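Working notes, beginning with the structure itself.
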Amino acid sequence: MTTLSNCAAPPSFLRRFPPSRRCFSSRTARQFSRSVTYSPNRRRPSHCCSSAVTNNDAAAAAAPPESEIPVRIVAVVGEGSVSPLKSAPWYDVMLHTAKRLKWVDEGYEMEVYTDNACRGENAITHQFHHDLRQADILLVVAVSDQESIKLIQSSSQDVANIICFDSSPSLPNKLGGSLVQTKAVGSISGDVIPLPRPEKVKESEEVAKSVNEAWSRRNSDDIRFCLLVVVNAYVKPVPILKNLRAKGFSTLSCMVKNCGPQILNCLLDNNCRKALQCLNNCSPVDQVCNYKCIASYESRELEEFSLCVLQKHNCLELDAKIPDKPFVAPMERFRGVELDHETAEDLFVGWLGRLEWSWRVVAGQNPAYDQFPCQYQLFYRGRAKGSLWYEPVFQVRTLDGDLVWRRRRYRVKRGTRPGTFYFSVLDNGVVSNETWTIVDVADDLGWGLFHYHGAARVAGQSYTGAVLVSPTGAYPDESQLGKVGSALEKCSIKEWEVFDVDNCSCENPPLDLPEDSRLHSKLNVCEIL
């Protein structure tokens, strides 16, 4: 089989960036119940004014419903500081984070300042102090200037939650109103959110662990996740983090009553046991950590265990929804002609027929699902009229150090609008449903950008992502990069949010297709030069 691969450097606009016995203990079952989760223009941001909440009984009686309570965050970044996200300025990263928080809840208000803007006597300084007085969370990033440090120390005493990264160790850290000791233990920023004093350890250790681990992964999803974890623990519940809140005995009772044989079989299987042990060390909503465990140790026993505990009986009582933001419109025309459903399906089928795959993934945005090496996409029509299937084939470097191939099988149905599709897959015992959008495809099929929203409902996981694809796994040539950038912008994705897929060692991928598969309806890829 001919395998095309390309290990050349990415294009110029990216080259500048630094590249889970019949008797078992209740303690074991409690661990199971916790474990089973899957997976520049610089401008002053606008401010939203809202009434302050008083402490008297009348105000309490008139308090808005929990869903309407605003969350106010202030971020202060060092002037001119550069992030580890492909060297993007921290200021730009935080402005984009503020936008992405709105996708979770319109009531989340995050104001972003540089430390220089917070000093002096001017309108911006006064607005900073006003915002800080109302803030639920203060996030400090890359601040080392002594004057700025003193200002933050004196101005933030009444802020209940302060988290500082890559900043002076003299800056305070607080969780839930309690000061915590600062001690650098090694993260991308030097300082980490430490565990609180002994009387607060049980209350906050999971929060600190989740924040530290997520921050260390250097991606925009996990920066937002850090803030949501603190909001969920100390401000108000975050629905998408629902499974951080344990269900207690009801979960345990459901598992034991309905899934005893599956639990026993999992205990007796080495891979299944390893998967649950691995998952037990992840935050329940840390999708990167969870899916790495699943992909590393997947087995028939794990699939049957998850199918029983989660999919059939929903013992965790979760109900994640597919996100509806950001809204991403599909391409409207291909080669000058209005896009129809048959042509849209043909664009997914892509190069299959001329090559042994439809597309190869060049780069992705989601850190949990788009980061695997050697990703091949197989889209094909089935025997039944109107049927379409998607099978991604990808490598996983397991937590034991082995390099293995994995494969999934999605059923694909047309959406109402050409270029939109509904995907569903049974992944290790859990059903995931996704909506995909063909954002753009070059006329010569030299590249494409596909965006998706998804949810594994009973696992409490919702997610978004996007993949840039090409026939060889190499970036499009320089002449196409402007169009690629425009396609990313349609998805509200910044260039520094995507990361390259390792396509350098992809020998012998398992790319066989069903014998009755059908390919293109209108396009003839054999005619493309």
Whole-Hz Karplus ³J(HN,Hα) for the range 494-509, in order, using 6.51 cos²θ - 1.76 cosθ + 1.60 and θ = phi - 60°, x for Gly and Pro?
8, 4, 6, 8, 8, 9, 6, 8, 6, 10, 8, 9, 10, 6, 6, x
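Kindly identify the range 279-350 as rounded, prolate or oblate by the Cα gyration tensor criterion: order the square roots of the eigenvalues as a ≥ b ≥ c, call it rounded if a/c is under 1.5, otherwise compare a/b with b/c, prolate if a/b is larger, else oblate.
Here the range 279-350 falls in the prolate category.
Return a whole-number percent for the relative contact order of the range 93-164, with Cα pairs under 8 Å and 6 or more residues apart as the contact set.
27 percent
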Please give every one of the lysines within straight-line cross-link reach of Lys174, meaning a C-alpha to C-alpha distance under 20 Å, and leave out same-chain neighbours fewer than 8 residues apart.
Lys150, Lys183, Lys200, Lys202, Lys209, Lys236
May I ask you to evaluate 6.51 cos²θ - 1.76 cosθ + 1.60, the Karplus curve with θ = phi - 60°, for each residue of the range 404-415 and list the ³J(HN,Hα) values in order in whole Hz, giving x for glycine and proline?
10, 8, 10, 8, 10, 9, 9, 8, 10, 10, 5, x
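For the range 377-529, what relative contact order do you get, as a whole percent, if you take Cα pairs closer than 8 Å and at least 6 residues apart?
The value is 17 percent.
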Can you tell me how much longer the chain between Leu513 and Leu252 gets when fully stretched, taken as 0.36 nm per residue apart minus their C-alpha distance, in nm with one decimal?
89.8 nm
Nearest-0.05 FRET efficiency for Ser216 and Gln153, computed from C-beta distance (R0 30 Å):
0.70
Rg/Rh of the range 449-514 (Cα atoms, Kirkwood Rh), to two decimals, equals 1.04
Using θ = phi - 60° and the Karplus curve 6.51 cos²θ - 1.76 cosθ + 1.60, what whole-Hz ³J(HN,Hα) does each residue of the range 150-163 get, with Gly and Pro shown as x?
5, 4, 5, 4, 7, 8, 10, 4, 9, 7, 6, 10, 10, 10
Quick one: net charge around Met110, please, counting Lys, Arg +1 and Asp, Glu -1 for every other residue with C-beta under 13 Å from its C-beta.
-1
Beyond 15 Å, what share of the Cα-Cα pairs of the range 106-147 is found? Please give it as a whole percent.
45 percent
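As a test of understanding, state the convex hull volume per residue of the range 351-469 from its alpha carbons, in Å³.
130 Å³
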Expressed per residue, the solvent accessible area of the range 314-372 in Å² (1.4 Å probe) is about 37 Å²
Using the alpha carbon gyration tensor of the range 351-417, what are the three equivalent-ellipsoid semi-axes (square root of 5 times each eigenvalue), largest first, in whole Å?
25, 14, 12
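The values are calculated or read from the model by the stated rules, or taken from the named source; none is laboratory data. Note that the structure is a prediction, hence the values are computed from the model and not measured. Note that each Cβ is placed from the backbone with ideal geometry, even for glycine, and that neighbours are counted across all protein chains shown. With ligands, DNA and RNA removed, areas are computed over all heavy atoms of the protein, side chains included. Shrake-Rupley method; radii C 1.70, N 1.55, O 1.52, S 1.80 Å.
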